[in-house]
Each structure stands twice: as structure tokens, then as C-alpha cells.
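These notes concern the structure reproduced below.
The values are calculated or read from the model by the stated rules, or taken from the named source; none is laboratory data. These figures come from a predicted structure and were not determined experimentally. A quick note on method: Cβ atoms are made from the backbone with ideal geometry, for glycine too, and the neighbour counts reach across all protein chains shown.
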């Protein structure tokens, strides 16, 4: 199977059902060859995805029953071995500043032009996976790879690529998300295969012609077995598309508490493909809450107090650096979600000071690069990494003999819960979920660029606080479902006062409030709010 130079007529392979609305863009992206690759990926690997998700559920039950994660005794030889990952491509050797965002056409152009070394185009947490967004995103990625992408707004403003642009990396959906608009033999195709397969099929040839490659960020990994599956998917896809072995390269986000105990093993399973690990810290905090949601001894303070300077998060970050550098892989830092505050100079300077302190810590600890959410933050982060890291990366930096135990990774930080913190969690969850339902997965809220991870932390904390004795405000009031519903009603009314009736309805705030109430009142913790919300988009 060879990627096309141009679109081919679409004739669906036997067993494939395309349930999304047809369009010229859809015909281009879902041509015959692309359809066949998706069918092949599904039939060969979908059962493995099901098995891995069942393993996740089994592990969740074990933790709820009192088990604690630890480093795996059966993989001690991997951790103690002297192996290294494969050589890293030239255009990934310097990743000091990476910018992220959805596959929106304007976003892609601005991010590639931002001056960052890398742009991670996100098909996951900052993208609502409506059928139109999925297909249009692939069109936009194809045009970006071909360097033909442009945009002229109704106001006449034009956007085009500069001569020098960031290296492109794509983040497909995690294993838990399925694509309901595509079915094979009556079963939904894993969304990871759709995002990965379509991008690889349409762009592998052009990427290689431009002296780069098909690079991916892999999200939500919970075990090295999940990374093993990705390695097999990569090898199979390279063979199907006649690509040299090792053409595909990946960076894995360590954004679950369980993956933190298997970083060596994750690198090992993907050693022919992987170039680094990333501190996906917001999802990591969410995972920490989620995996111990039923445990009264694992209640975190309000999220504003859970910073990267707390012991459990600093330990995770330093362990990632040590593990990666020992194996010749990059250790990427986390996201700075701040955006410029144009109408308040003092507030803006305070926000930028937080960014600078965060990036100083990352660069000084040994990270090889970091993430920002807004182009204005690129020079802020770059200045720090240029000063601390004048060379392309810090792979040669000696990690020393620091040792980190399970106790370090599981240490609960001290802190409090205020009504303001509770109210902020409810407001952010409500505003984000409303935006997500309208098709926007990346949203500015309270001067921060938020994706699903922040909303997940916020709603997860509320669920946990309601159910455990430590869920008490500093003034002594117990956090209850009734209190949550009262604040939710107040926040909804406050938002409603900012819009006329038509705009408020179009914003889907009431639908978001109902969903938030559903997942907060549920006896069982909802694994992902996007799984619940996905039922309501087309």
C-alpha cells in the first residue's frame, strides 16, 4: 500500500461503514487507500485495545480496594539494563520550546510561525472530535505538511506560512476514545487509529521529502504494554506503506500516575521509535485524583495549591529527567497555560513571572525543552532555555545518583480547600464543557488557555471532596452535593447574565450544567468527561 500523490476515488472496503456526513474534504481524506489502512489497523489491533482497556479497569478496582502502585518487580532487568533508544532525527535534536494547540487552520499557521522549535497539533485534549473537526483537521495537517496552507478571514486578513517553521508533531486520541463515525464489522474504530492512520497515510511521503518525518505525541499511556502495542502499530504501518523501519518517531506523555512507575519500560518497548518523554502534568494530577478517587487518604487540596514544587510532582519531574537521559531520550517539561492579559499590566506581569519561575525550574533541573500554549510565551520560555541550555539539549547532563521511591511519587501535599477554589473548579468545568459541546476544545478561561485536562482536574476534585471527610472548606463547612448544585446554579446564572437569550442557548451552558451534574452526582467516578460529552456531538 503506497500513500497517494493525489486523492483516489473512495470505494469502501468490505465491513467499513462511514457514518459521518459526506463532503469533498471527507472524500479526499477517506480515499480508498486510507480506508484500507484504517480497516487493516482495526482488524489487526482493535482487540488488543479492548484488552488493554480491560486491564485498566482491573487495575482501577485493585487501587480502589487498597493496592498501591510500585515499580514492577518483573521488569527489574529492563530498569537495570544499559540499553539506549535509537538515534534521534536532526530536526528533533533541539526542542527547547514547543507550542501546542488544536488542528484549527488559523492555529496551525500561527503556531508553525510562532518561533517555537516544535508545534504539537492536537487531535486529543484540545480538539472536540466532531466529524467535521476530525476531517477538517486532517485537511489542515495535509496542507501544512505540503506548505500550501493559507487562510483569508471574512475581514480580509491573510495567514500564510513563513519560510522557517516549527517541526510538526501530531497527538492522536488516547486508547480510550473511539470514533463513532467509522465502524468496521459493526464496531467503532479506536480514535487513535483514525488520527494516526490518516495523518501517516497522507503525509509520510511529503514529510520525508521535506527532510522531516511522521512524528507523534502519544497520550494517556498507563503501562508499558500500551506502548508495546504502539510499537507494533508503528512497525505494521511502516510495512504497509513501504516506509523504512524507524521512520515513525514518538514522544510519550507521562500523564498518568501508573505510567510514572514504568518510564524505563515504556522507553524500552518503543526504543526503536521513541525520542523522549513529556511531563504531561495537568493530566498527571487528574490521573492521581482519578486513580485514588475512592480513597479517603488520597484527597488533594484545591488545584491552585498543587504546583510543580510539591514533593510528589517535583519527584515525578526529576525521575523523568533521570530516566530519559540515562537512555538517550529527551525529557520534556510541562505546559505554561498563561495567556497575555492585555488590559491589566500588573496582572500580566504576575502571570509572566509565574511562567518564568516555572521555566527556570525546568531548565535548571535538566529538562530539554518545555511547552507553552500561546505564541507570546515562546520568547519568554526561549530566553530562559537559551541562557540555561545554550547547547541544543541536555542529554549529556549527568543525572546523578538521585533515587525516587513509590513514597516520593505518592506523597500527598498539605493544603486547604476554600469556597473560592471550589467555585472556580465548578466555573471552569462548566465553561469548558459548554465550549467543548459547541466544538471548541481549546478555550481561554480566566486568562489561561485551557484544554480538557484542566476541566478534568476541576470536576474530579469536586467529586472526591463531596465523598470524603477531608472535603471540608477552611471555614468548617462540609462540601456536599447540595452545595455543589447551589454553586453550579449560581455560576450558570452569572454566565447567563453576560449573554442575551439566543447567545446563551447557542453556548450550550445549560446542557453543560446537566452533564456536570450527572458526572458529579454519579456513584461511580466517570473515567473521562469527554466520553460522557461525546454522546452529544455529531
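Here are some notes:
- Residues of the stretch 480-531 satisfying the condition of being part of a loop (DSSP other than H, G, I, E, B) and closer than 18 Å to residue 428 by Cα: 497, 498, 499, 507, 508, 526, 528
Here is a yes/no grid of residues against (1) under 23 Å from residue 18 (Cα atoms); (2) in the same structural domain as residue 375 (by TED's automatic domain parsing); (3) surrounded by fewer than 21 Cβ atoms within 10 Å (Cβ to Cβ):
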| position | (1), (2), (3) |
| --- | --- |
| 118 | no, yes, no |
| 125 | no, yes, no |
| 136 | yes, yes, yes |
| 140 | yes, yes, no |
| 146 | no, yes, yes |
| 151 | no, yes, yes |
| 157 | no, yes, yes |
| 169 | no, yes, no |
| 173 | yes, yes, no |
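- Given (1) outside the structural domain of residue 353 (by TED's automatic domain parsing); (2) touching a helix residue (DSSP H, G or I) at 6+ places or on another chain (Cβ under 6 Å); (3) surrounded by 19 or more Cβ atoms within 10 Å (Cβ to Cβ), index of the condition residue 411 fails: (3)
- Verdict on residue 371 being surrounded by 24 or more Cβ atoms within 10 Å (Cβ to Cβ), outside the structural domain of residue 513 (by TED's automatic domain parsing) and either at pLDDT 95 or above or more than 26 Å from residue 345 (Cα to Cα) (or both): yes
- Scanning the stretch 202-220 for residues that are free of Cβ contacts under 8 Å to residues at least 60 places away in the same chain and over 25 Å from residue 60 (Cα atoms) turns up 208, 209, 214, 216.
- Selected residue (criterion: surrounded by the most Cβ atoms within 10 Å (Cβ to Cβ)) from residues of the stretch 379-403 that are within 15 Å of residue 93 (Cβ to Cβ) and touching a strand residue (DSSP E or B) at 6+ places or on another chain (Cβ under 9 Å): 385
- Close pairs from the stretch 226-243: first within 16 Å of residue 52 (Cβ to Cβ) and not assigned by TED's automatic domain parsing to the domain that holds residue 264, partner surrounded by fewer than 20 Cβ atoms within 10 Å (Cβ to Cβ) and modelled with pLDDT of 95 or more, Cβ under 8 Å, at least 6 apart: none
- Within the set 439, 496, the sole residue that is touching a helix residue (DSSP H, G or I) at 6+ places or on another chain (Cβ under 7 Å), farther than 21 Å from residue 338 by Cβ and in contact (Cβ under 8 Å) with a residue 40 or more places away in the chain turns out to be 439.
- Scanning the stretch 175-188 for residues that are farther than 19 Å from residue 253 by Cα and either buried (at least 24 other Cβ atoms within 10 Å of the Cβ) or at pLDDT below 95 (or both) yields one hit, 182.
- Among the candidates 165, 194, residue that is buried (at least 22 other Cβ atoms within 10 Å of the Cβ) and in contact with a helix residue (DSSP H, G or I) (Cβ under 7 Å, 6 or more places away or on another chain): 194
- Check on residue 112, more than 20 Å from residue 273 (Cα to Cα), free of Cβ contacts under 8 Å to residues at least 60 places away in the same chain and surrounded by fewer than 19 Cβ atoms within 10 Å (Cβ to Cβ): no
This table checks each residue for (1) buried (at least 21 other Cβ atoms within 10 Å of the Cβ); (2) over 30 Å from residue 89 (Cβ atoms); (3) not assigned by TED's automatic domain parsing to the domain that holds residue 519.
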| site | (1), (2), (3) |
| --- | --- |
| 266 | yes, no, yes |
| 273 | yes, no, yes |
| 282 | yes, no, yes |
| 288 | yes, yes, yes |
| 301 | no, yes, yes |
| 307 | no, yes, yes |
| 310 | no, yes, yes |
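- Qualifying positions in the stretch 416-441 - farther than 30 Å from residue 131 by Cβ and crowded, with 17+ Cβ neighbours inside 10 Å: 417, 421, 422, 424, 425, 426
- Among the residues examined, residue 223 does not qualify as without any contact (Cβ under 8 Å) to a residue 60 or more places away in the chain and either over 23 Å from residue 92 (Cα atoms) or assigned by TED's automatic domain parsing to the domain that holds residue 35 (or both).
- Filter pass, residue 56 being surrounded by fewer than 14 Cβ atoms within 10 Å (Cβ to Cβ), out of contact with any helix residue (DSSP H, G or I) (no Cβ under 6 Å at 6 or more places or on another chain) and not in a loop (DSSP other than H, G, I, E, B): no
- Candidates 105, 60 - the one that is assigned by TED's automatic domain parsing to the domain that holds residue 372 and closer than 27 Å to residue 226 by Cα: 60
- Verdict on residue 61 being in a helix (DSSP H, G or I), touching a residue at least 60 places away in the same chain (Cβ under 8 Å), over 24 Å from the mean Cα position of the chain (by Cα) and surrounded by fewer than 18 Cβ atoms within 10 Å (Cβ to Cβ): no
- Checking residue 336 against (1) closer than 21 Å to residue 251 by Cα; (2) out of contact with any strand residue (DSSP E or B) (no Cβ under 6 Å at 6 or more places or on another chain); (3) buried (at least 17 other Cβ atoms within 10 Å of the Cβ), the condition it does not meet: (2)
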